[in-house]
Amino acid sequence: MGQYPDMVKAAKRQPPKNLPATAGMVWVPGGEAQLGSQEGDPDAPIHGVQVSGFWIDQTEVTNAQFAAFVKATGFVTDAEKTPTAQDLPGVPKDKLVAGSLVFVPPPSAVDLREFWSWWSYVHGASWQHPDGPGSSTLGCEDHPVVHVSWRDARSYAAWANKRLPTEAEWEFAARAHLDRQRYVWGDQQRVQGRWPANIWQGEFPQANSEEDGFAKTAPVRAFSANGLGIYGMSGNVWEWCQDWYHPRGYGDPSQLAVDPLGPSISYDPDEPGAQKRVMRGGSFLCSDVYCLGYLPGTRMKSTPDTSLCHTGFRCVADAPAPSKTGQRGR
């Protein structure tokens, strides 16, 4: 996994041997931008970047798209594999079962520092069974796939002859040239009185008022696209990025970074021994009173084998720019 950034460097130096199909993708012209958190987050200071042009999936990868990948390859996700004692040292043998983390709202208000009170490891939960055995994705084929780890997402991207976006590419595309504005759609929380993204409204974590129309995931095109024609860059599901996580991963914020690939090592002061990858975009569980992850400059992180009910991904590609007569994939 540590060699993955080198693969991206090589891809940027020379055209890929087998150009990916760009149907369903949007061309993001290169340029300079000021990225980072407008909330004063020391983990994501405002910094300048210069990004080369690239293609990005117009939507998060859907259940239908991931199902096609699994059908073609026989791929088994991390959530569907039984963990070993080496994977989870100290866990009793009878607890080593395949599954994933599912959000379960508590019956009443809880201390927001006690995040474990609304998470449950559910045996049998996976991308095919989001809430565990008995649940399915039937009727939700156009929703984003969830319960996929970073390793799962990378495998899909390789199969599609694409890759995961760098953190800089992701935020550059999310902002769509809106310079240092709070949301991917501007500076106002609502647009014409409506919520422009699938996030949490109400009392978190026990009561979601669903003012945006959704309690969990939403169809990937349920809300308006940003200025580049990209859907879902705020809320719905967290999206994996290629970068290792490090609180100082941006380097020197006073220097313009050119096509940054992120740090060469991972470090999380909260869990010094855990190697983690970056996630961006927030999810349907983001709330103004608890999680501002749906803001474009906000970062999250998790280990590459972690799967969650609110984590998905989208891909990018290093294909030639579209002709002047029009953009492919739009």
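The values are calculated or read from the model by the stated rules, or taken from the named source; none is laboratory data. Every value quoted in this text rests on a predicted model; they were computed, and no experiment measured them. Note: ideal-geometry Cβ built from the backbone for every residue, glycine included; neighbour counts use all protein chains shown.
Computed quantities for the displayed model
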item	result
Segment 114-143, residues that are hydrophobic (A, V, I, L, M, F, W, C) and in a loop (DSSP other than H, G, I, E, B)	A125, W127, L138, C140
Unmet requirement for T166, which otherwise passes all of (1) in contact (Cβ under 8 Å) with a residue 60 or more places away in the chain; (2) touching a Leu at 6+ places or on another chain (Cβ under 9 Å); (3) more than 29 Å from S224 (Cβ to Cβ)	(3)
Conditions (1) farther than 30 Å from Q65 by Cβ; (2) in contact with an Asp or Glu (Cβ under 7 Å, 6 or more places away or on another chain); (3) among the aromatic types (F, W, Y): number failed by W195	(1)
Residues being at pLDDT 90 or above, assigned to a loop (DSSP other than H, G, I, E, B) and of a type outside the set (S, T, N, Q) - total across segment 293-330	13
Members of segment 158-209 that are among the acidic types (D, E) and surrounded by 15 or more Cβ atoms within 10 Å (Cβ to Cβ)	E167, E169, E171
Conditions (1) surrounded by fewer than 20 Cβ atoms within 10 Å (Cβ to Cβ); (2) in contact (Cβ under 8 Å) with a residue 60 or more places away in the chain; (3) within 30 Å of E141 (Cβ to Cβ); (4) of a type in the set (S, T, N, Q); number of the one not met by S264	(3)
Residue pairs meeting the criteria (Cβ under 8 Å; at least 6 apart or on separate chains; first at pLDDT below 95, in segment 235-258; second of a type in the set (D, E, K, R))	P247/D43; P247/D268; G249/E167; G249/D243
Residue within segment 138-157 that is out of contact with any Leu (no Cβ under 8 Å at 6 or more places or on another chain) and free of Cβ contacts under 8 Å to residues at least 12 places away in the same chain present	yes
The listed residue being free of Cβ contacts under 8 Å to residues at least 40 places away in the same chain, assigned to a helix (DSSP H, G or I) and farther than 25 Å from Q275 by Cα, out of D94, D111	D94
Whichever residue in segment 297-311 is within 21 Å of N63 (Cβ to Cβ) and within 10 Å of the chain's Cα centre (by Cα) and, among such residues, is surrounded by the most Cβ atoms within 10 Å (Cβ to Cβ)	T311
Test: residue in segment 177-194 that is within 27 Å of W127 (Cα to Cα) and out of contact with any helix residue (DSSP H, G or I) (no Cβ under 6 Å at 6 or more places or on another chain)	no
Total residues in segment 144-180, condition more than 23 Å from A98 (Cα to Cα) and part of a loop (DSSP other than H, G, I, E, B)	11
Residue check for P304: within 21 Å of R154 (Cβ to Cβ) and in contact with a His (Cβ under 9 Å, 6 or more places away or on another chain)	no
Residues satisfying the stated conditions in segment 67-91, i.e. of a type outside the set (A, V, I, L, M), over 16 Å from L308 (Cα atoms) and not in a loop (DSSP other than H, G, I, E, B)	F69, K71, T73
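Quick grid of which residues meet (1) assigned to a loop (DSSP other than H, G, I, E, B); (2) more than 30 Å from G202 (Cβ to Cβ):
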site	(1), (2)
C241	no, no
H246	yes, yes
G249	yes, yes
P260	yes, yes
S264	yes, yes
P269	yes, yes
G273	yes, yes
V278	no, no
F284	yes, no
